[in-house]
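The values are calculated or read from the model by the stated rules, or taken from the named source; none is laboratory data. Please read all numbers here as calculations on a predicted model, not as lab measurements. Cβ: placed from backbone, ideal geometry, glycine included. Neighbour counts: every protein chain shown.
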Ligand code: FE
C-alpha cells in the first residue's frame with residue numbers, strides 16, 4: 001500500500017513536472033512567419049532571444065505565401081507573429097481576419113497613428129515597423145536636371161524604350177500604383193500606366209536591384225527602386241557595386257506635390273497565436289530604439305518609432321537628410337489594388 005502510494009506520488013510528481021516543462025517550453029518559444037528577406041535581420045532575432053530567453057522558430061516566405069499558408073492552416077496554425085513587407089498586404093490580411101488585434105501602450109506610444117491599423121474596440125491589428133521610399137534612379141550620363149522629378153513624368157514619351165521596372169503585379173508596384181490611383185483618379189492612372197508600358201526598355205524582369213544595375217549598364221536610362229536596395233549598393237565594398245553607384249543618380253519624386261511614395265514593413269499577432277504574450281513582447285521589442293536602429297542600419301530602412309533618429313550614412317546621403325513623404329491611408333492603397341490589377345491587365349503591364 002505504502003509502496004503503491006509512493007509510486008503514485010512519484011508518478012503524479014513526474015506528470016506535474018512534465019506539464020510544467022511543456023508550459024515552460026511554450027512560454028519560451030515564438031513562431032514567426034516572416035516575409036522579411038534580409039539576412040541582417042538575424043541579429044535582430046538573436047538579440048531578442050538573448051534578452052528574453054524566448055526561442056524563435058521562423059518560417060520564411062513571401063507576403064502572398066504567408067497569407068495563403070495562414071488561410072490553409074486556419075485554427076491549427078502555429079504562427080504567433082506575422083511580418084510582412086507591404087502596406088496593402090497588411091491591410092488585406094487585417095480585412096481577411098488573419099490578425100489578432102492587440103492593445104499595447106508601448107506600441108501605440110512609439111508608432112505614429114498613420115503607420116498602424118485603425119484601432120477598433122478589440123485593439124490594433126498591425127503596426128508599421130519601418131518605412132521605405134519608392135525612388136526614381138537614373139543614368140547620370142543621359143540625364144538632364146529635372147528630367148523626371150515626379151512619377152507622372154516617367155510616362156513622358158521622351159523616355160520611350162528607356163524605362164526599367166519590375167513586374168507591375170509585384171506588391172511594391174501595386175502599392176505605388178494604388179497610391180497613384182488615389183492621387184490622379186483611375187482614368188489618369190490608367191493612361192499613365194499605358195505610358196509606362198510604352199516607355200519600357202525591356203519586359204519587366206528581376207527585382208529592384210536588377211533595375212538599378214540595368215540603368216548603370218546603359219540598358220535603360222531610368223528605373224524605379226525601393227530605397228534600401230540602392231542604399232545597400234551604396235554601402236557595399238564590392239568594386240562592381242561601387243561602379244554601379246558611380247553611374248547612378250536618384251530622385252525623391254513628387255516633392256512639390258504629394259510627396260514620395262512610402263511603403264511600410266510591419267508586424268501583427270496571428271489570429272490563432274498560442275504564444276500571445278511573447279508575440280506582443282516581440283512586436284514591442286521591434287519598436288524599441290535598438291531594434292529600430294537595426295532597421296535603419298541593418299537593412300537601410302527608415303525607423304518609424306518616435307524619437308529614434310536616423311543613423312545611416314547612405315540614407316542621409318541619398319535624401320539630403322530630409323524629404324517630403326506621402327501621407328496616404330494604407331487602407332486606400334489596399335482597396336485600390338483590385339482596380340490596379342485590372343488596369344495592368346488592360347494596358348499589358350506584365
Ligand atoms: Fe524588398
Practice problem: Report yes if residue 162 is within 14 Å of the ligand (Cβ to nearest atom), at pLDDT 95 or above and more than 16 Å from the chain's Cα centre (by Cα), otherwise no. | Solution: no
Quiz item: Is it true that residue 178 is in a helix (DSSP H, G or I) and crowded, with 24+ Cβ neighbours inside 10 Å?
Solution: yes
Quiz prompt | Condition broken by residue 263, with the remaining ones in (1) surrounded by 22 or more Cβ atoms within 10 Å (Cβ to Cβ); (2) over 20 Å from the mean Cα position of the chain (by Cα) satisfied | solution = (2)
Quiz item: Quick check, is residue 145 outside any helix (DSSP H, G or I) and out of contact with any strand residue (DSSP E or B) (no Cβ under 9 Å at 6 or more places or on another chain)?
Solution: yes
Quiz item: Filtering segment 125-141 down to residues that are away from the ligand (no atom under 16 Å from the Cβ) and buried (at least 22 other Cβ atoms within 10 Å of the Cβ), which residue is farthest from residue 305 (Cα to Cα)?
Solution: 138
Quiz item: In segment 27-63, how many residues are within 14 Å of the ligand (Cβ to nearest atom) and loosely packed, with under 15 Cβ neighbours inside 10 Å?
Solution: 5
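So that you can scan it fast, the table gives a plain yes or no per residue for (1) farther than 30 Å from residue 151 by Cβ; (2) surrounded by fewer than 20 Cβ atoms within 10 Å (Cβ to Cβ); (3) not assigned by TED's automatic domain parsing to the domain that holds residue 115:
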site	(1), (2), (3)
256	no, yes, yes
272	yes, yes, no
285	yes, yes, no
292	no, no, no
301	no, no, no
305	no, no, no
Quiz prompt | Filter result for residue 309 (in the same structural domain as residue 58 (by TED's automatic domain parsing), at pLDDT below 95, surrounded by fewer than 17 Cβ atoms within 10 Å (Cβ to Cβ) and farther than 16 Å from residue 45 by Cα) | solution = yes
Quiz item: In the list 219, 246, 190, which residue meets the criterion of being more than 16 Å from the ligand (Cβ to nearest atom), modelled with pLDDT of 95 or more and not in a helix (DSSP H, G or I)?
Solution: 219
